[in-house]
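Here the structure is laid out as structure tokens; the discussion comes afterwards.
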Amino acid sequence: MDRVVLERLRAGLRDARSQLLRTAAATEGELTTLEAREPGAPIEDAARQEVIGILARLDDRERQEMEEIDAAFARLHAGTYGVCESCEGSIPIPRLQAMPATRHCLTCQVIRE
Ligand SMILES: [Zn+2]
């Protein structure tokens, strides 16, 4: 995938993640704690407990979205971003631009629903 396109998608994921963090955090201090947590990076237990406590305020849909975003960051890290998890085909870039955290190409998504 084109590096510029990939960077733009990564920025989109970061924005979506920041938005969710802002929804969860009640104070600036909490927001700092959440934003210090690099997606996919290991964090110490004390910080993890705090992060889990703050994120528990998100509703189910938001939490699901956060998990999808974290999983997308993990795939970026692993170099498998943009690959459909079902058929292993490339997910078209316009679909990624519309839904940067998607795991499946449209065909596989339709089959799953
Ligand atoms: Zn597929």
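Laboratory data are not the source of any read-out in this text; all were calculated from the coordinates shown. Small disclaimer: the values here were computed from a predicted structure and weren't measured.
Any idea what log10 I(q)/I(0) is at q = 0.22 Å⁻¹ for the chain, Debye with uniform C-alpha scatterers and no solvent?
Cα-only, vacuum Debye calculation for the chain: -1.21.
Non-local amide H neighbours of Val83 (under 5 Å, H modeled in plane, Pro and chain starts lacking H): which ones?
Ile91
Apply the membrane-span-like helix rule to the chain: whole DSSP H runs, Cα extent along the own long axis of at least 20 Å, mean Kyte-Doolittle hydropathy at least 0.0. List the helices found. Display every interim value, and only then the final one.
Working: long enough: 3-24 (31 Å, -0.30); 60-78 (27 Å, -1.11).
The qualifying helices: there are none.
Quick check: the distance between the Cα centres of the range 1-79 and the range 87-111, to the nearest angstrom?
Their Cα centres are 21 Å away from one another.
Could you go through the range 90-106 in sequence order and give the Karplus-derived ³J(HN,Hα) for each residue, using 6.51 cos²θ - 1.76 cosθ + 1.60 with θ = phi - 60°, rounded to whole Hz, and x for Gly and Pro?
6, 7, x, 4, x, 5, 5, 5, 6, 9, x, 9, 5, 9, 10, 6, 4
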